[in-house]
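Trainee: After the structure tokens below, expect a handful of questions from me.
Rule-based calculations on the coordinates, nothing more; no lab input. Since the structure is predicted, the reported quantities are computational estimates derived from the model, not experimental observations. Ideal geometry is used to build each Cβ from the backbone, glycine not excepted, and the neighbour counts take in all protein chains shown.
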Number of protein chains: 2
Amino acid sequence: MHDTTPSTSRLTVLTGDRPTGPLHLGHYVGSLKTRLKLQETHAQYILVADTQAMTDNAHDPDKVRRNVLEVALDYLAVGIDPHKSTIAVQSGLPALAELTLLYLNFVTVARLERNPTIKEEIQARGFGRDIPAGFLCYPVAQAADITGFKANVVPVGEDQAPLIEQTNEIVRRINRQAGVDVLPEAEALIPSMGRLPGVDGKAKMSKSQNNSIPLSAAPDAIREAVRSMYTDPYHLRASDPGTVEGNMVFTYLDVFDDDRAEVERLKASYRAGGLGDMMLKHRLEDKLQALIAPMRERRERFAQDPGYVFSMLRDGTDRAKAVTQHTLDEVRTALGTFSFASVRS
Amino acid sequence: MHDTTPSTSRLTVLTGDRPTGPLHLGHYVGSLKTRLKLQETHAQYILVADTQAMTDNAHDPDKVRRNVLEVALDYLAVGIDPHKSTIAVQSGLPALAELTLLYLNFVTVARLERNPTIKEEIQARGFGRDIPAGFLCYPVAQAADITGFKANVVPVGEDQAPLIEQTNEIVRRINRQAGVDVLPEAEALIPSMGRLPGVDGKAKMSKSQNNSIPLSAAPDAIREAVRSMYTDPYHLRASDPGTVEGNMVFTYLDVFDDDRAEVERLKASYRAGGLGDMMLKHRLEDKLQALIAPMRERRERFAQDPGYVFSMLRDGTDRAKAVTQHTLDEVRTALGTFSFASVRS
């Protein structure tokens with residue numbers, strides 16, 4: 001039994017995803033699983049960040065639009081409960097755009113260019129000299145998202161901690177200018193479990209790398225993904241001793257198999273020789289099939305009723321709109337910028 | 001007799017001012033006079049650009065707020081008619097912030113840094129390496145302003161023509177991405193009369209240079225400004241030959257004295273010698289007192305009724321809000337980004 005009316009004493013958490021493709025097991029392990037817990041204890045807002053997705057997908061707005069519904073379905077599929085978490089579409093929240101423009105005046109270009117996350121991402125995307133201005137500015141937009149909800153806690157990957165630092169710098173500058181703590185600083189919640197690697201053993205699971213298992217994967221696709229999984233290339237016969245480290249099947253068993261003792265026994269046996277990949281892959285596949293099956297079923301059920309999903313998104317967006325507009329009004333009042341609301345006519 | 005209902009076949013013009021100080025004769029000559037004409041022939045929107053003013057006044061939001069009313073009073077004082085022109089406060093138009101964020105994805109950082117107007121202004125403001133990101137991005141915000149109203153014509157100083165070029169580049173990129181001409185290109189309307197110099201002869205009249213005559217100047221202040229005006233420093237006695245070029249009294253007479261023939265006679269006489277500065281200054285002062293007196297009176301009348309001024313601003317902002325929101329919806333539809341409006345639920 002959970003209380004569905006968020007208590008005012010709860011801390012606020014902001015999370016979200018760029019809607020650029022289906023969510024996969026990496027998202028589940030890295031963040032969705034945490035959100036299922038957080039929605040029981042925190043006032044949780046989840047942003048379908050379509051505006052932010054445009055910062056590196058301006059050439060394909062269609063992809064972003066289509067994936068808004070897909071990501072919402074993924075949320076419902078994993079068990080995000082719209083009565084406990086508020087799911088909102090970023091482009092439906094004009095106050096966030098207004099806060100972004102305001103905050104841009106409190107950050108220098110040089111500071112944005114020094115942001116290590118941005119530096120890495122610019123390189124990863126191969127922008128070269130042609131960095132879209134929106135991309136350089138997206139940490140400021142993210143600061144608007146976080147502060148617009150007055151989030152106290154923001155779950156992020158370790159590589160994104162500099163974005164929270166940037167947010168808090170803006171918070172301090174705004175509070176200093178206002179002469180009052182109108183905005184709270186946010187704390188990065190870095191998951192104890194690191195990032196789930198792709199099935200090919202590469203550091204990052206990603207649709208574009210073709211090494212991911214989507215949360216909507218059909219049973220055959222799950223089987224195929226596990227079958228093709230990177231293990232120990234020198235472990236040719238079951239009787240050979242095998243290596244556990246960097247072996248994706250064990251990496252995944254560590255994450256998805258709750259029987260820790262059995263997994264340790266399997267590791268020992270694999271190292272000693274006498275344990276075949278096939279048996280391990282069957283075990284892992286069973287775990288993944290069991291995890292994903294109820295998600296896939298819930299997803300299919302919701303997918304048959306897009307009207308419900310959109311009305312859920314609209315309700316969440318309306319609630320988020322009121323919250324973020326309230327923050328914008330507070331920030332403007334604290335800074336003393338013009339507002340019709342403050343005019344005594 | 002003028003038709004006060006704007007015809008749909010009228011071209012749209014967008015103008016405006018950053019509310020950072022009282023408007024002065026330089027504004028009158030450079031733009032307000034043109035606006036009085038344009039409001040008879042165009043659908044004219046005038047933006048009190050308080051959001052843009054924050055891009056170089058983030059340390060003093062109070063100044064910007066106070067000047068919103070002052071600038072509105074200056075508009076009414078010179079004869080801007082809210083039934084003919086729509087006067088709107090920029091911060092009341094969230095669609096402009098949303099368009100700005102969208103457009104930032106269609107401009108590179110390198111392109112913004114190359115903008116000659118921005119380069120000059122960065123130097124003039126002494127930002128050095130500490131350029132606020134909002135300042136670098138303001139040409140994009142200006143593109144949002146211009147296109148948000150689908151302005152066909154934008155009166156700008158010659159030095160601001162690159163800003164219109166930047167706007168049209170964005171327009172072309174958006175139209176190309178959308179595959180349809182959702183936005184019109186804008187044309188710069190560069191005034192035939194150049195910039196009015198300050199009373200000290202410096203190129204730019206500006207409050208901060210202390211060389212301006214505000215439109216709200218009291219008779220004494222006008223007299224004092226004309227008395228102190230830069231003439232020919234070598235014209236010591238009335239009988240000496242004097243120089244007309246660079247002599248502010250003649251520069252101003254050229255602008256404010258409609259009796260062209262008489263001004264030419266005075267120039268000839270001054271050059272020949274025998275014409276004293278004092279007589280010329282009296283003549284100029286009479287012209288300026290006659291020009292400013294009715295403005296000052298109108299201004300004082302409106303200043304006694306701030307409730308009226310705010311309700312005028314609120315009405316204009318509401319109208320502008322509808323127009324700019326409509327443009328945002330059109331752009332989003334054309335690009336195919338997400339919108340609840342387009343969802344068939």
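Trainee: Arrange the following residues from fewest to most other Cβ atoms within 10 Å of their Cβ: A:SER9, A:SER212.
Mentor: A:SER9, A:SER212
Trainee: On a 0 to 90° scale, report how tilted helix A:260-272 is relative to the longest principal axis of chain A, with both axes built from alpha carbons and the result rounded to the nearest 10.
Mentor: Tilt of helix A:260-272: around 50 degrees.
Trainee: Could you grab the Rg to Rh ratio for the protein assembly as shown? Cα atoms only, Kirkwood for Rh.
Mentor: Here the Rg-to-Rh quotient is 1.10.
Trainee: Still on this model: Rounded to the nearest 20 debye, what is the charge dipole size of the stretch A:211-256 about its Cα centre when +1 sits on each Lys and Arg Cβ and -1 on each Asp and Glu Cβ?
Mentor: 120 debye
Trainee: Using DSSP to call loops (not H, G, I, E or B), can you name the GluC sites (Glu not before Pro) in the stretch B:215-297 whose Cβ has at most 15 other Cβ atoms within 10 angstrom?
Mentor: Of the GluC sites (Glu not before Pro), the ones in loops of the stretch B:215-297 whose Cβ has at most 15 other Cβ atoms within 10 Å are B:GLU245.
Trainee: Another question, if that's okay. Which of the peptides A:188-197, A:42-51 is most tightly packed, and how do the rest follow, going by the mean number of other Cβ atoms within 10 Å of each residue?
Mentor: A:42-51, A:188-197
Trainee: Are there trypsin sites (Lys or Arg not before Pro) in the stretch B:84-136 that DSSP marks as loop and that have at most 14 other Cβ atoms within 10 Å, and which are they?
Mentor: Here the sparse-neighbourhood loop sites are B:ARG125, B:ARG129.
Trainee: Let me ask something else about it. Report, in degrees rounded to the nearest 10, the 0 to 90 angle that the Cα long axis of helix A:94-104 makes with the longest principal axis of chain A.
Mentor: Here the helix axis deviates by roughly 80 degrees.
Trainee: In degrees between 0 and 90, to the nearest 10, how far off the longest principal axis of chain B does helix B:306-335 point, with axes built from Cα atoms?
Mentor: The two axes meet at around 50 degrees.
Trainee: Assigning unit charges at the beta carbon (Lys, Arg +1; Asp, Glu -1) and nothing else, what dipole magnitude in debye, to the nearest 20, does the stretch B:46-140 show about its Cα centre?
Mentor: 220 debye
Trainee: Could you please report the charge total around A:LEU47, scoring K, R as +1 and D, E as -1 over all other residues with beta-carbon less than 10 angstrom from its beta-carbon?
Mentor: -2
Trainee: In deg cm²/dmol, rounded to 500, what helix-only [θ] at 222 nm does chain B give when every DSSP H run of at least 4 residues adds -39500 (n - 2.57) and the total is split over its residues?
Mentor: -16500 deg cm²/dmol
Trainee: While we're here: Enter the mean number of other protein chain beta carbons within 10 Å of the beta carbon of each residue in A:93-99, as an integer.
Mentor: Per-residue shielding by partner chains comes out at 5.
Trainee: What size of dipole, in debye to the nearest 20, comes out for the protein assembly as shown about its Cα centre when the only charges are +1 on Lys and Arg C-beta atoms and -1 on Asp and Glu C-beta atoms?
Mentor: That gives the protein assembly as shown a dipole magnitude of about 60 debye.
Trainee: Mind grabbing the base-10 log of I(q)/I(0) for chain B at q = 0.08, 0.09, 0.14 Å⁻¹? Debye formula, identical points on the C-alpha positions, no solvent, two decimal places.
Mentor: The Debye formula, applied to the Cα set alone, gives -0.44, -0.55, -1.18.
Trainee: Over chain A, calculate the relative contact order: mean separation of alpha carbon pairs under 8 Å at least 6 apart, over the residue count, as a percent.
Mentor: Reported as a whole number, the value is 22 percent.
Trainee: Considering the convex hull of the alpha carbon atoms of the stretch A:81-236, report its projected area averaged over all viewing directions, in nm², one decimal.
Mentor: 13.2 nm²
Trainee: Now for a separate question. How shielded is B:108-115 by partner chains, expressed as the average number of their Cβ atoms within 10 Å of its Cβ atoms?
Mentor: Average per residue, whole number: 5.
Trainee: How large is the Rg to Rh ratio of the stretch B:217-300 when both quantities use alpha carbon positions and Rh follows Kirkwood?
Mentor: 1.01
Trainee: Using a 10 Å cut-off on Cβ to Cβ distances, tally the other chain neighbours for every residue of A:126-134 and report the average as a whole number.
Mentor: Rounded to a whole number, the mean comes out at 6.
Trainee: On to the next question. Holding the Cα-Cα limit at 32 Å, pick out from A:LYS202/A:LYS321; A:LYS321/B:LYS150; A:LYS63/A:LYS321; B:LYS119/B:LYS281 the pairs that are longer than that.
Mentor: A:LYS202/A:LYS321; B:LYS119/B:LYS281
Trainee: Grab the other residues whose beta carbon is less than 12 angstrom from that of A:ARG66, score K and R as +1, D and E as -1, and report the net.
Mentor: -2
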